[in-house]
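The values are calculated or read from the model by the stated rules, or taken from the named source; none is laboratory data. Note that the coordinates shown come from a computational prediction; the quantities given were computed from them, not determined experimentally. Virtual Cβ from ideal backbone geometry, glycine too; neighbours counted across all protein chains shown.
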Amino acid sequence: IMGVISVVMSVAPALGPTVSGFVLNRFTWHWLFWLVLPLIAVALVVGAIFIRNIGETARSPLDPLSVVLAGLGFGGLVYALSTLGTEPTVAIGVAVVGVASLALFVWRQIRLETPLLDLRPFTIRNYTLSVVVALLLMGTLLGVVMVLPIYLQTALGVTALVTGLLVMPGGLASGILAPFIGRLYDRVGPRPLVIPGALLLFGAVWAMTRLDINSTTTEVIIMHMVFSLGLALMMTPLMTTALGSLPKHLYGHGSAILNTLQQLAGAAGTAILIAALSFGTQAAVAGGADLAQATVDGAHTAFIVAGVMAALVLVASPFVTKVAEEQQEEGQAY
């Protein structure tokens, strides 16, 4: 099932840049948001009609203070990481508030008899390890997909539409493989998929550090395809292993934790790599380089940072193990 879900997660990001490039070639950037509104409306209507609750519901008390602390903590950190490169002073102040709120939120969840977010999934080793690797992976993914278009359009001089077309093959290949990876996971478990995926990711990101002003679009397509294949081999097994390690009564909380932290990891990866890109670009400009060469130098710095993150993924991936059969039975029978 997670393999099928991954098809949507892979194909949508693959088509998004291509469609966005087409729109920007003909209209202003405002239309990127106007054209999304009908899609949101359709999703709302279809979801309201066809999505049904398949689990058992129960009344539980809502702690208003936990809601406020969660909003300040998670929302504050995402905002701080997103604005770190443009408004560092504001970002640091908001980050301090976010971290303090998040610490209070965790403290309160531990003390409450019925917490808003049950943190017990973190007591399960395989869940925690899978989440850590998934977060490193998400940070690397979103950071790279932010830097690569800047390199393509500024250093190589391609249009927004061409940029979208260049990254489409990797996303489509990832989507095509996703169902097969789901079936392979059922047979062999996570390690035979996650470790090769981490190797492909590591190799692709470090290959990107060799991109320069004379690199060809063919090289970029190949590197991005290898990068996307690595992601495809890792994402489904990691998410399945994380949630499959939990007893059924913790599924909802475990899923909420994973989804929330993925947003934070993505924002952190984007902020870190854009900051590295800006640092490298500014240093090159100060040294007399033109904008195109300076962008190459900045992208080189950013990809080195991404390579370090990919190395951490590679180091951590062997520790993700197959969910024991008794754990699966416990989750299904709970």
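The residues on offer are L142, L104, and the sole one that is farther than 22 Å from M239 by Cβ and either outside any loop (DSSP other than H, G, I, E, B) or at pLDDT below 90 (or both) is L104. For the range 225-239, taking the residues that are in contact with a Gly (Cβ under 9 Å, 6 or more places away or on another chain) and surrounded by fewer than 24 Cβ atoms within 10 Å (Cβ to Cβ), the one that is nearest to G203 (Cα to Cα) is identified as V226.
Of all residues in the range 163-175, exactly one satisfies the criterion of being among the β-branched types (V, I, T) and either in contact with a Gly (Cβ under 7 Å, 6 or more places away or on another chain) or free of Cβ contacts under 8 Å to residues at least 60 places away in the same chain (or both), namely T163.
Yes or no: V308 touching a Phe, Trp or Tyr at 6+ places or on another chain (Cβ under 9 Å) and at pLDDT 90 or above? Give the derivation first.
On the way: touching a Phe, Trp or Tyr at 6+ places or on another chain (Cβ under 9 Å): no; at pLDDT 90 or above: yes.
Answer is no for this residue.
Tell me, please, whether a residue that is surrounded by fewer than 22 Cβ atoms within 10 Å (Cβ to Cβ), under 21 Å from the mean Cα position of the chain (by Cα) and either under 30 Å from P179 (Cβ atoms) or in the same structural domain as V133 (by TED's automatic domain parsing) (or both) can be found in the range 281-293. So far as the range 281-293 goes, no, none of its residues is surrounded by fewer than 22 Cβ atoms within 10 Å (Cβ to Cβ), under 21 Å from the mean Cα position of the chain (by Cα) and either under 30 Å from P179 (Cβ atoms) or in the same structural domain as V133 (by TED's automatic domain parsing) (or both).
When the range 60-101 is filtered for residues that are part of a helix (DSSP H, G or I), over 22 Å from N259 (Cα atoms) and in contact with a helix residue (DSSP H, G or I) (Cβ under 6 Å, 6 or more places away or on another chain), only A91 remains. Scan the range 49-56 and give yes if some residue there is assigned to a helix (DSSP H, G or I), under 30 Å from T270 (Cβ atoms) and at pLDDT 80 or above, otherwise no. No, every residue in the range 49-56 fails to be assigned to a helix (DSSP H, G or I), under 30 Å from T270 (Cβ atoms) and at pLDDT 80 or above. Contact map, the range 237-253: first residue farther than 18 Å from P318 by Cα, second residue outside any helix (DSSP H, G or I) and modelled with pLDDT of 85 or more, Cβ cut-off under 7 Å, separation 6 or more or different chains; pairs are L246/I124; L250/D118; H253/D118.
Among the hydroxyl-bearing types (S, T, Y), under 30 Å from W206 (Cα atoms) and part of a helix (DSSP H, G or I), is that true of T128?
Details: among the hydroxyl-bearing types (S, T, Y): yes; under 30 Å from W206 (Cα atoms): yes; part of a helix (DSSP H, G or I): yes.
So T128 passes the test.
Cβ-Cβ distances below 8 Å connect no pair with a first residue in the range 217-229 that is among the charged types (D, E, K, R), a second residue that is surrounded by 15 or more Cβ atoms within 10 Å (Cβ to Cβ) and part of a helix (DSSP H, G or I), and a separation of six or more residues or different chains. Filter the range 156-180 for residues that are surrounded by 23 or more Cβ atoms within 10 Å (Cβ to Cβ) and more than 18 Å from the chain's Cα centre (by Cα); which is nearest to K322 (Cα to Cα)? Looking at the filtered set, the residue picked out is G164. Within the range 28-39, residues that are part of a helix (DSSP H, G or I) have Cβ atoms under 7 Å from residues that are surrounded by 10 or more Cβ atoms within 10 Å (Cβ to Cβ) and among the aliphatic types (A, V, I, L, M) in these pairs: W31/V23; L32/V23, counting only partners at least 6 apart in sequence or on another chain. Within the bounds of the range 271-286, is there any residue that is without any contact (Cβ under 8 Å) to a residue 24 or more places away in the chain, part of a loop (DSSP other than H, G, I, E, B) and more than 30 Å from L238 (Cβ to Cβ)? No. Does the range 266-274 include one or more residues that are surrounded by fewer than 19 Cβ atoms within 10 Å (Cβ to Cβ), closer than 22 Å to V205 by Cα and not small (G, A, S)? No: the range 266-274 contains no residue that is surrounded by fewer than 19 Cβ atoms within 10 Å (Cβ to Cβ), closer than 22 Å to V205 by Cα and not small (G, A, S). For the range 183-195, give me each residue that is assigned to a helix (DSSP H, G or I) and over 19 Å from the mean Cα position of the chain (by Cα). Those that are assigned to a helix (DSSP H, G or I) and over 19 Å from the mean Cα position of the chain (by Cα): R183, L184, Y185, D186, R187, V188, R191, P192.
Would the range 243-257 turn up any residue that is of a type in the set (G, A, S) and part of a loop (DSSP other than H, G, I, E, B)?
Taking the range 243-257 first, the residues of a type in the set (G, A, S) are 244-245, 252, 254-256.
Now drop any that are not part of a loop (DSSP other than H, G, I, E, B), which leaves 245.
Among the residues of the range 243-257, at least one is of a type in the set (G, A, S) and part of a loop (DSSP other than H, G, I, E, B), which makes the answer yes.
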